[in-house]
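S.K.: Provided herewith is a single structure, encoded as structure tokens, for subsequent inquiry.
The values are calculated or read from the model by the stated rules, or taken from the named source; none is laboratory data. Keep in mind that what you see is a predicted model, and the values were worked out from it rather than measured. Using ideal geometry, Cβ is built from the backbone for each residue, glycine included, and neighbour counts are taken over all protein chains shown. Note: areas computed on protein heavy atoms with side chains; ligands, DNA, RNA excluded. Shrake-Rupley method; radii C 1.70, N 1.55, O 1.52, S 1.80 Å.
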Amino acid sequence: MSAPDQLLVVIDAVARRNDGESVRIAMDVLRAGASVKICLADTPAEFARALARRGSRRPVVIGDDRALLRAVAQLHRERELADGALSLVPVGPRGGVELAGALGVPLGAVAAARAVLDGAARRLDLLVDDSDGVVVRGLRIPAGPAGLAVVEPPSVWDTCRSLVRTLVRPAPAVPAMRAHRLRVEVDGRLLSDLDDPVEGVTVLSRGGVAEVVVRPRAAEPVRAEATAVTVSGASFRYRADALVTGPVWTRTWTLRPSAWSLTLPAA
């Protein structure tokens, strides 16, 4: 077989534990179309070693968003992220594969595995911070909650219990948004300073630029496009894709256009 048909499939331990059936289905599809070497990564160290020893095989990760981010970060540390396309078969609950879906990866095991075999590599941007951390799609400050939780449809008994609770006690008050004193600079230009509290800051890499939105406490959002973003001020945590980092006092993110490739369904 030619080199593109040689796959190293790294199966994340969480995926095997939570949805072994989807893992099995994906492996059946991959084995039918390529020469597959399998690594069952039980620890982050084993995950990293498998990628480091992949040779000429194309890496395929079976797992959730965190597994994808682990692979991107590892290949970035090895300075091999730009050498070839990474492939992903998302396996996990809806809230754990939102990043994969946003990047265009099919969320079904069969469709995702077929995209690995028949898809095309698409160049994507990357945000790299001053501690050599990576952000695949976007970040927000403060960290805030993770993606959408999986919510089961309410039963009749749930509805009755909710009605009783409403009748016997008042609904809790919605907490006010907390203000944060942050200094935000984009390409050396000041967007917000410490004396103007903000509710939050978001940065999204898209189309070769970093789209920055600052939401002041008492004004309309301030928007800008940049290649470098620096946030500093009071100690803060931030959510980079699916991971929470911090606290830090200052951090700079620099956009690297088309820094890596992900295999997606052919157009």
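S.K.: Between Val128 and Ser35, with labels modelled 7 Å along Cα→Cβ, what's the label distance in nm to one decimal, could you check?
M.R.: About 3.3 nm, to one decimal.
S.K.: Then there's this: Would you mind listing how long the chain runs along its three principal axes, going by Cα atoms, in whole Å with the largest first?
M.R.: 62, 57, 36
S.K.: Sticking with this structure for a sec: May I ask for the angle, rounded to the nearest 10°, between helix 65-77 and the longest principal axis of the chain, with both axes built from Cα atoms and the value confined to 0 to 90°?
M.R.: 80
S.K.: Just want to confirm a number: the relative contact order over the chain, from Cα pairs under 8 angstrom separated by 6+ residues, in percent.
M.R.: Computed value for the chain: 21 percent relative contact order.
S.K.: How far is it, in nm, from the label point at Glu80 to the one at Val209 when both lie 7 Å from their Cα along the line to the Cβ?
M.R.: Roughly 3.6 nm, to one decimal.
S.K.: Run lengths n ≥ 4 of DSSP H only: what is the helix-derived mean residue ellipticity at 222 nm for the chain, with -39500 (n - 2.57) per run over all residues, to the nearest 500?
M.R.: -8000 deg cm²/dmol
S.K.: Figure the gain on full extension for Ala13 and Ala266 (residue separation times 0.36 nm, minus the Cα-Cα span) and round it to one decimal in nm.
M.R.: Additional length available on full extension: 88.2 nm.
S.K.: What is the packing order of peptides 103-109, 220-226, taking the mean over residues of other C-beta atoms within 10 Å and listing the highest first?
M.R.: 103-109, 220-226
S.K.: Further question on the same structure: Toward the positive end of the charge dipole of the chain, about the Cα centre and with charges on Cβ (Lys, Arg +1; Asp, Glu -1), which of Trp253, Ala113, Gly208 goes farthest?
M.R.: My answer, from the dipole projection, is Ala113.
S.K.: Something else about it: Taking Rh as the Kirkwood radius computed over C-alpha pairs, what is the Stokes-Einstein D of the stretch 20-127 at 10 °C in a medium of viscosity 1.306 mPa s, expressed in µm² per second?
M.R.: The Stokes-Einstein estimate is 112 µm²/s.
S.K.: Any idea which of Ala226, Phe47, Ala73 is furthest toward the positive side of the dipole for the chain, if Lys and Arg beta-carbons carry +1 and Asp and Glu beta-carbons -1?
M.R.: Phe47
S.K.: So, one more: Along the stretch 36-43, what does the Karplus equation 6.51 cos²θ - 1.76 cosθ + 1.60 (θ = phi - 60°) give for ³J(HN,Hα), rounded to whole Hz, x for Gly and Pro?
M.R.: Result, ordered by residue: 10, 10, 9, 10, 8, 8, 8, 9 Hz.
S.K.: Here's another thing I want to ask about it. Could you list the residues of the stretch 107-124 with an amide nitrogen less than 15 Å from a label point located 7 Å from the Cα of Ser258 in the Cα-to-C-beta direction?
M.R.: Within reach of a label on Ser258: 121-124.
S.K.: For the stretch 12-53, what does the equivalent ellipsoid look like in terms of its semi-axes, each the square root of 5 times an eigenvalue of the Cα gyration tensor, given largest first in whole Å?
M.R.: Those come to 19, 16, 4 Å.
S.K.: With axes computed from alpha carbons, what is the tilt in degrees of helix 156-168 against the longest principal axis of the chain, rounded to the nearest 10 within 0 to 90?
M.R.: 20
S.K.: Measuring with a 1.4 Å probe in the full set of protein chains, what accessible area per residue, in whole Å², belongs to the stretch 1-148?
M.R.: That works out to 45 Å² per residue.
S.K.: If each of Arg181 and Ala228 carries a label point 7 Å out from its Cα toward its Cβ, how far apart are those two points in nm?
M.R.: Placing both labels 7 Å along Cα→Cβ, they lie 2.6 nm apart.
S.K.: Report the gain in length on full extension from Glu21 to Ala120: 0.36 nm times residue separation, minus Cα-Cα distance, nm rounded to one decimal.
M.R.: Contour length minus Cα-Cα distance gives 33.0 nm.
S.K.: At a 1.4 Å probe, what is the % contribution of carbon and sulfur to the accessible area of the chain?
M.R.: Using a 1.4 Å probe with all protein chains present, the chain comes out at 55 percent carbon and sulfur.
S.K.: How many angstrom separate the Cα center of the stretch 114-146 from the Cα center of the stretch 198-245?
M.R.: Going from one Cα centre to the other spans 15 Å.
S.K.: Further, regarding this structure: Quote to one decimal, in nm, the extra length available between Leu194 and Ala111 on full extension: 0.36 nm per residue of separation minus the C-alpha distance between them.
M.R.: Here the answer is 25.1 nm.
S.K.: What angle, in degrees between 0 and 90 and rounded to the nearest 10, separates the Cα long axis of helix 109-118 from the longest principal axis of the Cα atoms of the chain?
M.R.: 60
S.K.: I would also like to ask the following. Compute for the stretch 97-136: radius of gyration divided by Kirkwood radius, i.e. Rg/Rh, restricted to C-alpha atoms, rounded to two decimals.
M.R.: With Rg and the Kirkwood Rh in hand, the quotient comes to 1.09.
S.K.: When ranked by the protection proxy of mean other Cβ atoms within 10 Å per residue, highest first, what sequence do the peptides 184-192, 61-69 form?
M.R.: 61-69, 184-192
S.K.: Next question, about the same structure. Can you give me the long-range amide H partners of Val91? Hydrogens built in the peptide plane at 1.01 Å from N, cutoff under 5 Å, separation of 5 or more residues or another chain.
M.R.: HN-HN under 5 Å from Val91: Gly63, Asp64.
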